[in-house]
Amino acid sequence: MKNHHLSFEFFPPKTPEGREKLRNTRSQLAKFNPEFFSVTYGAGGSTREFTRDIVLEIQAAGSSASPHLSIGGDGKESALELLQSYKNAGINRIVTLRGDLPSGMGDAAQLVYANELVAFIREHFGDTFELLVAAYPEIHPEAESYEKDIYWLGKKFEAGASRAITQYFYNTDSYFYFVDQCLKAGIDQPIIPGIMPIINYQNLIRFSDNCGADIPRWIRQRLQQYGNDMDSIKSFGLEVVTNLCEKLLANGAPGLHFYTMNQVEANAALCRNLGFTEAS
Ligand code: FAD
């Protein structure tokens, strides 16, 4: 598995217990020698300090941290300050997003499209950061059309992004078809599949409804049938997601980015199944 990209995504916990748990998750997953750990950001600025603190902690512990960033209610000045603090800490990669505004932020808050944010960061920080962006094999829920979503992905690369990470999916055809369509539109940068381990049925359904990711009927049926039997859900999830990742890597995906949900067990089990080398 040496040549495949590997990265893990965390959300910034708001409690001391959550942070402690994340420290353990990070140190366990660091054994797989990922290229980076990324940390999500709330577009309204709601996680600003939490994201920055976790990012700085990861970097200080000797791993590479990649903050997610978007401009919403917190504005451009605030983004520039945050980017400067990341530069000072030696961070060299940003996951650049439009994000979604939390409800209740009102009309004053304006989101900045990701291609504009990429251009903004390039304008102010030159080549300091590698910029990664989001891609949607099943198409972003607000996209005008399939073609238009690919068109805007192309604009993110034109503005200076170098790689994309996808929204999660459970259907490899949607990913490979998407990559083909991107190639036809002149996009040949790496598009790394985002992988969501299956750990908890209710959470998975809630996230998927919000972000427009399709859970195939056979997976829903199986998970529904297991009810509260968490062991069966986990072992079914491990089998399904291992197969998904194996097919992706065998057919040319450049690597994998795991939406870890800050959990060790399911993510480490997947990496082991897939043959990623683990330091003892
Ligand atoms: P954009 O690329 O800006 O696209 C948004 C929509 O507008 C699309 O429908 C697109 O077709 C269209 N569009 C794009 N550019 C333009 C333009 N210039 N003019 C008109 N239309 C345009 N959310 C968070 O809140 N925090 C996170 O940390 C986070 N991390 C994520 C990480 C990954 C890898 C992924 C895949 C998603 C993540 N998200 C996160 C979710 C993401 O913020 C939402 O999906 C959001 O709705 C879109 O962000 P984007 O950067 O893809 O937007």
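Here the label points at ASP209 and ARG272, each 7 Å from Cα along the C-beta direction, are separated by 3.5 nm in the simple model.
TYR201 exposes around 30 Å² of accessible area when a 1.4 Å probe is run over every protein chain in place. Couplings for the range 22-34, taken from phi via the Karplus curve 6.51 cos²θ - 1.76 cosθ + 1.60 with θ = phi - 60°, read 5, 4, 5, 4, 4, 5, 5, 6, 4, 5, 7, 6, x Hz in order; Gly and Pro are left as x. When only alpha carbons are used to place a centre, the range 1-55 and the range 141-212 end up 21 Å from one another. The 1.4 Å probe gives accessible areas that order SER38, SER64, SER46, largest first, as SER46, SER64, SER38.
TYR168 exposes around 10 Å² of accessible area when a 1.4 Å probe is run over every protein chain in place. The largest accessible area among MET230, MET196 belongs to the first residue in MET230, MET196, and the rest follow in falling order (1.4 Å probe, all chains). Working from label points 7 Å from Cα in the Cα-to-Cβ sense, the LYS76 to LYS14 distance is 3.0 nm. Close amide H pairs (under 5 Å, H built 1.01 Å from N) link HIS5 with GLY255, LEU256, residues at least 5 positions away or on another chain.
Shape class for the range 103-185, computed from the alpha carbon gyration tensor (a ≥ b ≥ c): oblate, with a/c not under 1.5 and a/b at or below b/c. Converting phi to 3J(HN,Hα) with the Karplus coefficients 6.51, -1.76 and 1.60 and the offset θ = phi - 60°, the range 219-234 yields 6, 4, 4, 5, 5, 4, 4, 6, x, 8, 7, 5, 5, 5, 4, 5 Hz in sequence order, with x at every glycine or proline.
Rounded if a/c is under 1.5, else prolate if a/b is larger than b/c, else oblate: which is the range 7-78, with a ≥ b ≥ c the root eigenvalues of its Cα gyration tensor? Here the range 7-78 falls in the prolate category. Taking H as built 1.01 Å from N, whose amide H comes closer than 5 Å to the amide H of GLY44, not counting residues under 5 places away? When sequence neighbours closer than 5 places are left aside, the close amide H contacts are GLY73. Close amide-amide hydrogen proximity is noted between GLU130 and ARG93, ILE94, each under 5 Å apart and 5 or more residues distant or on a separate chain (H modeled in the peptide plane; Pro and chain starts excluded). Among SER280, GLN110, PRO216, whose Cα projects farthest towards the positive end of the dipole of the chain, with charges put on the beta-carbon of Lys, Arg (+1) and Asp, Glu (-1)? Value: SER280.
When only the Cβ of Lys, Arg, Asp and Glu is charged (+1, +1, -1, -1), the dipole of the range 47-132 relative to its Cα centre reaches about 160 debye. Treating each Cα of the chain as an identical point scatterer and summing with the Debye formula, the log10 of I(q)/I(0) at q = 0.15 Å⁻¹ comes to -1.24. Exposure here means at most 13 other Cβ atoms within 10 Å; with trypsin sites (Lys or Arg not before Pro) in a DSSP loop as sites, the longest stretch of the chain lacking them is 15-280.
Taking 0.36 nm per residue of separation and subtracting the current Cα-Cα distance, fully stretching the chain between SER145 and SER162 would add 3.8 nm.
The values are calculated or read from the model by the stated rules, or taken from the named source; none is laboratory data. As the structure is a prediction and not an experimental result, all values here were calculated from the model. A quick note on method: Cβ atoms are made from the backbone with ideal geometry, for glycine too, and the neighbour counts reach across all protein chains shown. Each accessible area value is taken on the protein alone, full model and side chains, heavy atoms only, with ligands, DNA and RNA left out. Shrake-Rupley method; radii C 1.70, N 1.55, O 1.52, S 1.80 Å.
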